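Read through the structure below, which is laid out as structure tokens, and then see the notes.
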Amino acid sequence: MDAVDRLVAQWAREKPELDTEPMAIMGRLLRVAKYMENEVAQLHKQYDLTLGEFDVLATLRRSGEPFQLTPSELIDSMMLTSGAMTNRLDKLTSKGLITRQSNQSDRRSLPVQLTKQGIGLIDRILEEHVQMQGQLVKGLSQEQKKQINQNLKCLMHELESS
């Protein structure tokens, strides 16, 4: 019995008419996500990056040569507010990992580009990042991983199309 089983058992005792299966699913998803996020955040912290800053670097890197996008494209691909994106970009610029052209009238339209230092850092961290993700799911068989991934894909599709 895990913590979620105990919670569900308590509700079954107090409110037996409740369907607590969705509560159990959500509880486990949130606990797993929090655990995984904390582990990955520790890795990024070793490189003086937050999860959000890593996401910006990774998004630029996977966009392909010349590793640049506009802030609006970054916002769309990462589902952030413009304020949150501006903050991340300011920090990454001050660290020398990206460059931005300045246009105070519309900072969303000019490209953000990885610097050589930024490319080197994201390439180095990415290897460790992927290894960490592998370690976090190493107890699952290949079939279990595929099944979980497919089930979560279905759930995500259902939620996002509502």
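Taking region 133-149 as the range and being loosely packed, with under 11 Cβ neighbours inside 10 Å and part of a loop (DSSP other than H, G, I, E, B) as the test, the residues that pass are LYS138, GLY139, SER141.
Per-residue answers, yes or no, for (1) of a type in the set (A, V, I, L, M); (2) touching a Ser or Thr at 6+ places or on another chain (Cβ under 6 Å); (3) surrounded by 14 or more Cβ atoms within 10 Å (Cβ to Cβ):
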| site | (1), (2), (3) |
| --- | --- |
| LEU7 | yes, no, yes |
| ALA12 | yes, no, no |
| PRO22 | no, no, no |
| MET26 | yes, no, no |
| ALA33 | yes, no, no |
| ASP48 | no, no, no |
| GLU53 | no, no, yes |
| ARG62 | no, no, no |
| PHE67 | no, no, yes |
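For GLU143, the conditions (1) over 21 Å from the mean Cα position of the chain (by Cα); (2) at pLDDT below 95; (3) more than 26 Å from ALA84 (Cα to Cα) are fulfilled apart from (2). Only one entry in GLY96, GLY83 is touching a residue at least 12 places away in the same chain (Cβ under 8 Å) and either exposed (fewer than 15 other Cβ atoms within 10 Å of the Cβ) or farther than 30 Å from ALA3 by Cα (or both), namely GLY96.
Among the residues of region 100-121, is there at least one that is open to solvent by 90 Å² or more (accessible area, probe 1.4 Å) and modelled with pLDDT of 95 or more? Yes, that holds for at least one residue.
The values are calculated or read from the model by the stated rules, or taken from the named source; none is laboratory data. As the structure is a prediction and not an experimental result, all values here were calculated from the model. Positions of Cβ are generated from backbone atoms using ideal geometry, with glycine treated the same way; all protein chains shown enter the neighbour counts. Heads up: the accessible areas ignore ligands, DNA and RNA and are worked out on the full protein's heavy atoms, side chains in. Shrake-Rupley method; radii C 1.70, N 1.55, O 1.52, S 1.80 Å.
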